[in-house]
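Q: One structure follows; several queries about it will come next.
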Amino acid sequence: MLHIVNKSPLERNTLDSCLAAAQPGAAVLLIEDGVYAATRGNAAEGKLRAALARLEIYVLAPDLEARGMAQVLSDGVKPVDYAGFVDLVAKNRNCQSWL
Amino acid sequence: MNFGILVNEGPYTHEASDSAYQFCKAALAAGHQIQRVFFYHDGVNNATRLTEPPQDDRNIVNRWSKLAADHKVDLVVCVAAALRRGIKDENLAVGFRISGLGQLIESSIQADRMVTFGD
Amino acid sequence: MSEGQVKKIMYVNRKAPYGTIYALESLEVVLIAAAFDQDVSLVFMDDGVYQLKKGHQTKGIEVKNFQPTYRALDDYDINKLYVEKEALEARGLSEDDMCVPVEVKTAAEIGKLMDEQDVLLSF
């Protein structure tokens with residue numbers, strides 16, 4: 001299953017809700033303001049690092065680049081472009097957008 | 001693969017409509033089909049032809065219209081949500097049609113995947 | 001159209017009522033969905049649990065009180081309503097505060113249910 005998170009972890013609890021529900025082995029894609037969770041030095045970094053042990057975490061690179069954060073992408077988070085976003089949706093059985 | 005798309009926010013205020021559009025473009029480029037794009041909540045505001053963004057900005061409404069024309073994508077605006085927000089046939093942009101919520105459920109059933117974009 | 005095809009469709013509600021329109025318009029989708037004979041379930045997480053908090057009185061804000069509609073869902077054969085345990089606790093609420101019969105599940109249990117769905121619609 002694919003979980004999509006589009007909120008900054010410092011503005012809303014969306015990422016927490018997603019991580020609490022996501023089952024081991026699930027994929028999480030950070031898009032829009034959600035990409036800030038995947039940057040070094042962010043207060044959510046520890047949370048994300050812990051999640052990496054049991055989840056596949058992806059970030060939408062165009063959103064990361066737009067926000068000037070591409071240079072501080074956290075290790076272990078895989079950047080994808082929109083084509084990669086489409087592939088993630090296609091290869092997972094279903095997806096939930098944590099709006 | 002056949003994708004159904006749900007857009008829950010209007011243009012410009014939120015990135016949702018941009019993300020949905022970029023997703024559709026990438027899916028079509030990869031040889032997939034977009035079964036339908038359904039506009040709900042403030043998402044219905046993506047369908048007004050009265051939009052006039054500054055020249056140096058993207059025209060979100062026209063971009064959707066062009067996607068419909070180039071790839072025969074079905075752009076459906078929820079009638080109840082549209083009437084609440086003043087979107088009617090008289091100000092509807094090219095390529096959109098107004099219909100009922102049943103179109104969203106039908107899309108959920110018929111599409112291989114359903115992806116929601118919103119706030 | 002889609003004869004015989006039954007999909008598992010879950011409606012995910014995570015937003016409080018009245019502050020935004022999402023709760024009301026989500027409910028409108030669910031009512032329409034009932035006519036399609038699909039395997040429908042509703043889940044209330046985070047502030048979404050406030051949608052079911054008994055006793056909405058909306059006269060003072062001049063907005064339609066749509067809480068009675070949740071009580072009508074059973075008439076449409078929509079009776080799989082799940083409420084997140086952690087969300088209730090974080091808000092000082094319990095199952096008794098809910099305006100309709102619900103099944104309380106942990107976030108992880110809800111996550112497991114999500115895995116089993118064909119379609120998840122979130123508003």
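Q: Please work out which residue is farthest from the other protein chains (Cβ to nearest Cβ), limiting yourself to region A:12-62 and to residues that are assigned to a loop (DSSP other than H, G, I, E, B) and among the aliphatic types (A, V, I, L, M).
A: Within region A:12-62, the first condition is being assigned to a loop (DSSP other than H, G, I, E, B), and the residues that meet it are A:12-13, A:22-26, A:31, A:40-44, A:53-55.
Narrowing the set further to residues that are among the aliphatic types (A, V, I, L, M) leaves A:22, A:26, A:31, A:43-44, A:53, A:55.
On the way: A:A22: 6, A:A26: 8, A:I31: 6, A:A43: 20, A:A44: 17, A:A53: 16, A:L55: 11 Å.
Per the stated criteria, the residue is A:A43.
Q: Taking the residues in region B:81-101 that are exposed (fewer than 15 other Cβ atoms within 10 Å of the Cβ) and in a helix (DSSP H, G or I) as candidates, determine which candidate is farthest from the other protein chains (Cβ to nearest Cβ). Can you show your working first?
A: Let us first name the residues in region B:81-101 that are exposed (fewer than 15 other Cβ atoms within 10 Å of the Cβ), namely B:83-84, B:86, B:88-91, B:94, B:97, B:100.
Checking the rest, the ones that are also in a helix (DSSP H, G or I) come to B:83-84, B:89-91.
Details: B:L83: 12, B:R84: 8, B:D89: 21, B:E90: 23, B:N91: 21 Å.
In this case the residue turns out to be B:E90.
Q: So which residues in region A:2-45 are at positive phi and either in contact with an Asp or Glu (Cβ under 8 Å, 6 or more places away or on another chain) or buried (at least 21 other Cβ atoms within 10 Å of the Cβ) (or both)? Give the steps one after another, and end with the answer.
A: Initial filter on region A:2-45 (at positive phi): A:25, A:32, A:41.
A:G25, A:E32 - these are the residues of region A:2-45 that are at positive phi and either in contact with an Asp or Glu (Cβ under 8 Å, 6 or more places away or on another chain) or buried (at least 21 other Cβ atoms within 10 Å of the Cβ) (or both).
Q: Separate question: Taking region C:1-38 as the search range and keeping residues that are within 15 Å of C:I78 (Cβ to Cβ) and of a type in the set (V, I, T), which one is surrounded by the fewest Cβ atoms within 10 Å (Cβ to Cβ)? Write out each step before concluding.
A: Step one: filter region C:1-38 for residues within 15 Å of C:I78 (Cβ to Cβ), giving C:6-13, C:26-38.
Checking which are of a type in the set (V, I, T) leaves us with C:6, C:9, C:12, C:29-30, C:32.
Working: C:V6: 12, C:I9: 23, C:V12: 28, C:V29: 22, C:V30: 23, C:I32: 17.
Selected residue: C:V6.
Q: Mind listing whichever residues of region B:102-113 are buried (at least 22 other Cβ atoms within 10 Å of the Cβ) and either in contact with an Asp or Glu (Cβ under 6 Å, 6 or more places away or on another chain) or more than 7 Å from chain C (Cβ to nearest Cβ) (or both)? It would help to see each step written out before you state the result.
A: Kept after step one, since they are buried (at least 22 other Cβ atoms within 10 Å of the Cβ), are these residues of region B:102-113: B:104-105, B:107-108, B:113.
B:S107, B:R113 - these are the residues of region B:102-113 that are buried (at least 22 other Cβ atoms within 10 Å of the Cβ) and either in contact with an Asp or Glu (Cβ under 6 Å, 6 or more places away or on another chain) or more than 7 Å from chain C (Cβ to nearest Cβ) (or both).
Q: May I pose another question? Please go through region A:81-99 and give me each residue that is closer than 12 Å to A:I4 by Cα and touching a Ser or Thr at 6+ places or on another chain (Cβ under 9 Å), ordered by number.
A: A:F85, A:C95, A:Q96, A:S97, A:W98, A:L99
Q: Considering region C:92-123 alone, what residues qualify as being assigned to a helix (DSSP H, G or I) and small (G, A, S)? Walk me through it before giving the result.
A: Taking region C:92-123 first, the residues assigned to a helix (DSSP H, G or I) are C:95-97, C:107-115.
Hits for region C:92-123 are C:A107, C:A108, C:G111.
Q: Identify all residues within region C:17-61 that are part of a loop (DSSP other than H, G, I, E, B), within 14 Å of chain B (Cβ to nearest Cβ) and not charged (D, E, K, R); write none if there are none. Reasoning before the result, please.
A: First, the residues of region C:17-61 that are part of a loop (DSSP other than H, G, I, E, B): C:17-21, C:37-38, C:45, C:54-58.
The next check asks that each one be within 14 Å of chain B (Cβ to nearest Cβ); those that pass are C:19-21, C:37-38.
Selection gives C:G19, C:T20, C:I21, C:Q38.
Q: Tell me, which residue of region B:1-22 that is surrounded by fewer than 24 Cβ atoms within 10 Å (Cβ to Cβ) and in a helix (DSSP H, G or I) is farthest from the chain's Cα centre (by Cα)?
A: This residue is B:Q22.
Q: Cβ contacts < 6 Å: first residue within 9 Å of chain A (Cβ to nearest Cβ), restricted to region B:1-13; second residue buried (at least 24 other Cβ atoms within 10 Å of the Cβ) and part of a loop (DSSP other than H, G, I, E, B), any location; separation 6+ or different chain. Result?
A: B:N8/B:Y40
Q: Scan (1) surrounded by 15 or more Cβ atoms within 10 Å (Cβ to Cβ); (2) in a helix (DSSP H, G or I) for the single condition C:E89 breaks and write down its number.
A: In the conditions (1) surrounded by 15 or more Cβ atoms within 10 Å (Cβ to Cβ); (2) in a helix (DSSP H, G or I), C:E89 misses (1) alone.
Q: Ok, one more. Looking at (1) under 15 Å from B:L6 (Cβ atoms); (2) aliphatic (A, V, I, L, M); (3) in contact (Cβ under 8 Å) with a residue 40 or more places away in the chain, which is the only condition B:I87 fails?
A: With respect to (1) under 15 Å from B:L6 (Cβ atoms); (2) aliphatic (A, V, I, L, M); (3) in contact (Cβ under 8 Å) with a residue 40 or more places away in the chain, B:I87 is out only on (1).
Q: Okay, moving on. I'm checking my understanding of the structure. Among residues of region A:64-97 that are without any contact (Cβ under 8 Å) to a residue 40 or more places away in the chain and at the interface with another protein chain (Cβ under 8 Å from one of its Cβ atoms), which one is nearest to C:A108 (Cα to Cα)?
A: First, the residues of region A:64-97 that are without any contact (Cβ under 8 Å) to a residue 40 or more places away in the chain: A:64-76, A:78-79, A:81-84, A:86-87, A:90-91.
Now restrict to residues that are at the interface with another protein chain (Cβ under 8 Å from one of its Cβ atoms): A:81-83, A:86-87, A:90.
On the way: A:D81: 30, A:Y82: 29, A:A83: 30, A:V86: 26, A:D87: 26, A:A90: 24 Å.
Among residues in region A:64-97 that are without any contact (Cβ under 8 Å) to a residue 40 or more places away in the chain and at the interface with another protein chain (Cβ under 8 Å from one of its Cβ atoms), the one nearest to C:A108 (Cα to Cα) is A:A90.
Q: Which of the residues belonging to region A:8-23 are of a type in the set (S, T, N, Q) and touching a strand residue (DSSP E or B) at 6+ places or on another chain (Cβ under 7 Å)?
A: Within region A:8-23, A:T14, A:S17 qualify.
Laboratory data are not the source of any read-out in this text; all were calculated from the coordinates shown. Keep in mind it's a predicted model, so treat the numbers as computed, not measured. Here Cβ is always computed from backbone atoms with ideal geometry, including for glycine, and neighbour counts include all displayed protein chains.
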